[in-house]
Amino acid sequence: MKYYISFEAGGTSIRFAILDEALNVIQFEKISTRDFNASADTFAVLCDSLDGMIASVGKENVLAICSSWASMLDLDCRVLLSTPNIRGFDNFP
């Protein structure tokens, strides 16, 4: 079976999910944005969470990873310009 991995970085919480091909949620986790922002390396926390989800289904079974950010993007939609509620991702490519 193949899976999608999704995360949403919002002002209240950072949510992670694994969905199957029929878009049923197989696994769901969340971290409060306050706790996330208190970590020494927010990028490492994000990567560790995603790595764990990828490992749980096998890298070869991941169809796509999608994200949603409470942020402003540049005109080309390639750089997070401002993430006012999430520390460490301003001007992030």
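Averaging over all projection directions, the Cα-based convex hull of the chain occupies 6.1 nm² in the image plane. Counting only protein heavy atoms and using a 1.4 Å probe, the accessible area of ASP74 comes to about 40 Å².
From the helices alone, meaning DSSP H stretches of at least four residues, give me the mean residue ellipticity at 222 nm for the chain, per-run term -39500 (n - 2.57), in deg cm²/dmol to the nearest 500.
Values: 2 runs with 22 residues, N = 93.
It lands at -7000 deg cm²/dmol.
Considering only alpha-carbon pairs that sit under 8 angstrom and 6 or more positions apart, the relative contact order computed for the chain is 30 percent. The mean accessible area for residues of the chain, using a 1.4 Å probe and ignoring ligands and nucleic acids, is 62 Å² per residue.
Summary of the geometry: the range 39-93 and the range 1-34, compared by the centres of their Cα atoms, lie 12 Å apart. Near VAL57: Cβ cut-off under 10 Å, other residues only, Lys/Arg at +1 and Asp/Glu at -1. The net charge is 0. Full extension of the chain between ASP76 and ASN61 yields a length gain of 2.4 nm, computed as 0.36 nm times the residue separation minus the alpha carbon distance.
Set the Förster radius R0 to 22 Å, insert the Cβ-Cβ distance between PHE92 and LYS30 as r into 1/(1 + (r/R0)^6), and round the FRET efficiency to 0.05. Let's see the in-between values first.
Details: r = 21 Å, r/R0 = 0.95.
With a Förster radius of 22 Å, E is 0.60.
Taking label points 7 Å from Cα along the Cα-to-Cβ direction, PHE43 and GLU8 give a separation of 2.6 nm.
Using 0.36 nm per residue, how much length does the chain from GLU21 to LEU50 gain when fully extended, once their Cα-Cα distance is taken away? Could you put the intermediate results ahead of the total?
Working: separation 29, 0.36 × 29 = 10.44 nm, distance 1.83 nm.
In short, 8.6 nm is gained.
The values are calculated or read from the model by the stated rules, or taken from the named source; none is laboratory data. These numbers were taken from a predicted model, which means no experiment stands behind them. When we count neighbours, we look across all protein chains shown, and the Cβ atoms used for this are built from the backbone with ideal geometry, even at glycine. For the accessible areas, the whole protein counts, side chains as well, though only heavy atoms, and no ligand, DNA or RNA atoms are used. Shrake-Rupley method; radii C 1.70, N 1.55, O 1.52, S 1.80 Å.
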